[in-house]
Structures are given as C-alpha cells and as structure tokens.
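Just so it is clear, none of the values below were taken in a lab; they were calculated from the coordinates. These numbers were taken from a predicted model, which means no experiment stands behind them. Note that we place each Cβ from the backbone using ideal geometry, even for glycine, and neighbour counts take in every protein chain shown.
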Amino acid sequence: MVERYNLNSADLNESFDVSKNDATVETGSTFVPVDPFEIVVFGGTGDLARRKLIPSLYHRFCDGQIPPQSRILAASRSELSRDEYLILIKAAYLEFIGGESFSEVKWQEFCELIDYAPVDVTKDIHWEELGKKLDATETLIRVFYLAMPPALFSDICQGLKKAGLAHKKSRVVLEKPLGHDFKSADEINEAVGKVFSEKRIYRIDHFLGKETVQNLLVLRFGNVLLEPLWDSNSIEHIEITVAEDIGAGGRGAYYDKSGALRDMVQNHLLQLLCLTMMEPPGSTDANDLRLEKIKVLRALSPIDASNVQEKTVRGQYVKGKVEGRAVPDYLTDVDVEESDAETYIAIKAEVNNWRWSGVPVYIRTGKRMKARRSEIIIQFKPVPHSIFGPDIKVSPNKLVIRLQPNEAVNLWMEIKEPGAGGLRLKSLPLNLSYADSFTVRYPDAYERLLMDVVRGNLSLFMRRDEVEAAWRWCDGILQAWEDVGQSVSYYPAGSDGPENAIKMLAQHGDAWAEN
C-alpha cells in the first residue's frame, strides 16, 4: 500500500529565514529577542494555557526575549472581561509556579500585552470581534495556538480563513494528541492544510523542547567517542521510560477513551526513539532532521496479531501507595464502573535497518508508578573477554540520559575499588548534572518551543508524515489487541508496573535497569 502524505516539494524545501542569532536561544546569560509578534491562544482559560503557556510567555518577557510591541490574546467561550482574565491567570501562576520567578512589577508590565476575547469556535459569530483585537496592519508575526481538543482544529482553521485572519505571516500550533488513529489524524491534517501550508504548521510535542532531549543530538554527533559505538556492534539494547506518579484523575473523560498507547507512545516515546536511533542528518536544518526521523519510523518492525502478546504488555493500576500515600485504583480515579483502558504499556520494538538490526528497544510508560522519571538508557554489550577471572563480575557500561527530574547525563564505568585485599570492581557514573553544571535558569520546553514558532524554526516540531507514520505503527498494535483480545494486567499503584513486563524482557535475557 502506498503511503500518501500530500507533501509537495515546496512544503519540504520552503522554510522561514532563521538567522544565526535568532537560532541561538541563549548567548551566555543573554537571551536573543524575537521579532514583535501577536499570539492568539484558543483555550485561553484551560489548564494548558494557565499552567504552561501564559507562564512561559511571562518568563520569556522577563528575560527580555519578547519585545513590548508584542501582543497576547486569549480566546475562550467563557464570558470574561479582560480584568477578570488577568485575575484568573495571576492566581494560576501563583498557585502552579509562584516562588522567586514572580515579580509584581514585571507582571504588571507583562499584563500590558494581554487581552481577552470571548469566542465560541463552534459558532460562526465571534470571528469578526476577534479580528478587531488583532493588528490591523498585518505587519506582526501572527501565531494561532490551538490549546483545544483536536476535533475542533478544523472548525477553528475554517473560521480563521473565512474571517481573513490567517494572513501570510500567520502560523498555527497544533497540540497533541493529533487524532486518535491514522484516519482521524489524516482528516485533521487535511483540514488544517487547506488553510495553512505545511511550513506554517507547528505540531508541538513538548518533550522535544526539553534540554536533555535536544542534548541527544550533541551527545551523538558532537562527540567522537560515542558515535562510533552507536550501533548493534556495541549496544545490547535500549530502554526508553516515561513514568508518572500521578493518576488519570482530572483527565478521565479523555484518558478512558485513549489509554497510554495513544496518549504517550504515539508522540512522546516514538519521538525519543527517533532522536536516539536516527542516522546523522546533514545539518540541524528542520527538513534534514525530520527526514532522518521519518526513516526510523518507517523502519519499525510491525506488531500484529502474530506477535503482539510476545512484544507488548498492557497494564492498569489498582489501589496502592505512592511515596507512602494511599491512592485509589484507576476506576475510582476516573469514576467509571469498568474499563479496559491501559494506564501502562511496555513494548519490545525493533528498528529494521543496517545500524540497529538485532537491537531490541524497550519502551514503557505508565501512571501511578513508583516515581516520576523520564530517561533513555543505552545498555552497551559486555567486554568480549574478562581478564579478571571468573570470580570478578565486570558490569557492562551504560549511558543514562535523564530527562526529568534532575536532568543529567551519566556514563557508568567500571573502576577498581580502592583498598587492599584483592581486586574489586565497582560501577560508578561520570555525572553531568544540569543543576550543578549550569547555574543560570534555562528556558523550559514550552518557553523554547513558543519562541521557535515565532522565529519560524521547525526543527523541534513534527512534520505531517512523521505523525501519520507513527499512527500507522500504533494502529497495528491497537488492531492486534482487538484481534487477540489482549486484556490489561493489573499492577499496584507505586510499583514499577505489571510482572508481565519483567517477564517480557527476561525471555530475551534482558532486564529493566534499576532506578
């Protein structure tokens, strides 16, 4: 079957001019300002806007990266005045961020940029009023951030087109999840693509904005020590883990229809897999990077009814304790009587190409796990022969890239334990801790990605064919679960997941790395 992505050569080759200065987020402790812009945040009263987007814009304003001529317009169907909205977002900032990052003086200056517009995107009656609050000269870069359910993306884009608000300097940001399968993602991409060309569509995955995720490129392609070892000759297996200690409560209506595969694997974990396993791109240009990522997705070995039970484990948490605190089961969290939604998934994936043939990639994600952590572990092969005799264990090297919390890169090495009484070996890490090595505050993921949208830098955003290739692979797993009737295994909250996930690796002589 021929895959259809509807990308023409202009979409692939045309991009915004990004100067060397603009492409540099930070020089020393000085942030490079972006050009003046206006941003319309649809869903301006929602959790994402209040907890992440508005605070991110405030931080970039405080660091002098957002010029005072810029404008921030929140849009939501809530009937609020501008003053009421300002009270709402200040309260949210103090509740969720607070601390030393808040300055009353700077906040008041920041609020001068903000306005609010009641807009019900499902009705065709508010677009003219929204347009009156935007720059009439159409000289500012205009960003539409759709912090809304993806089912509304088409309505919003059509509304913008009919009202003539999507001018030539406009671009649109699409929040995940982009659909719930390949078909729905394709429909959304088609609808959005009728209003915005591919070079003006920013499909955001905040994981790609994390410092340690971006550092993958530097670790691999900026160090002659690592890249020659980055293949099946030296690597035994790879682990990618995104564990959360929180439950699904608060997102129950969405999560119970989605599950961990759609919510986390299709976007976050597959993007981490691509960056870890892609070939060296020609440059850091957006098209070069995204071309190599799509090759990895297309090389993923299909999982179907013949192998899904061997290669996947579905789980759902039951009541238990997280950090000593009793927590309820999933059904109680989302207030349903029964559900087969997976809150945990582990997958044995394989990338079928020259570099990675025979190297398993174990990816897992779950809620109500023992602790919150996101990390990539490169497990190297053992030395081919130990000169130290059969009684002395030589542990293989491993590289641990910790994305959160406490971002760090640790390379575990074997050393001699000091002291008399014979030779003893010990594994210890060479530790690069971001907190210890970089004392200045660096922007978080949303801060960086928002500024990249304004710059027109697409490097950290997903191209249409990436999203659809990821859905095709995940759709195969979803269909296989249905075909074989694979149900969830239960695991107590506060654990590392179902026992079946441990057995899956043990069948191949592997084991999950210890925390």
(request) Over 32 Å between C-alpha atoms is what I'm after, so list which of Lys132/Lys176; Lys321/Lys503; Lys106/Lys293 land there. (result) Lys106/Lys293
(request) Please give the helix 286-299 orientation as an angle from the longest Cα principal axis of the chain, in degrees from 0 to 90, rounded to the nearest 10. (result) 50 degrees
(message) I'd like the distance between the alpha-carbon centres of segment 323-393 and segment 445-515, rounded to an integer number of Å.
(response) 10 Å
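What ranking of Val336, Val242 emerges when the number of other C-beta atoms within 10 Å of each C-beta is taken as an exposure proxy, fewest first? Write out the running numbers ahead of the final one.
Values: Val336 13, Val242 23.
Fewest to most other Cβ atoms nearby, the residues stand as Val336, Val242.
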(message) I need the trypsin sites (Lys or Arg not before Pro) found in segment 170-216, filtered to DSSP loop residues with at most 15 other beta carbons within 10 Å of theirs.
(response) Lys194
(request) Neighbouring Cβ atoms within 10 Å as the yardstick, rank Leu430, Leu450 fewest first. (result) Leu430, Leu450
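Could you order the peptides 313-325, 126-138, 51-63, 497-509 from most to least packed, using the average number of other C-beta atoms within 10 Å per residue? Please report the intermediate quantities before stating the final value.
Working: 313-325: 18.5, 126-138: 13.8, 51-63: 21.5, 497-509: 16.2.
In decreasing order of mean packing, 313-325, 126-138, 51-63, 497-509 become 51-63, 313-325, 497-509, 126-138.
Please arrange Ser489, Ser386 by how many other C-beta atoms lie within 10 Å of their C-beta, fewest to most. If you can, show how the numbers build up before the last one.
On the way: Ser489 16, Ser386 12.
Ascending number of Cβ neighbours within 10 Å: Ser386, Ser489.
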(request) Within segment 337-433, report the trypsin sites (Lys or Arg not before Pro) that DSSP leaves as loop and that have at most 13 other Cβ atoms within 10 Å. (result) Lys393, Arg424
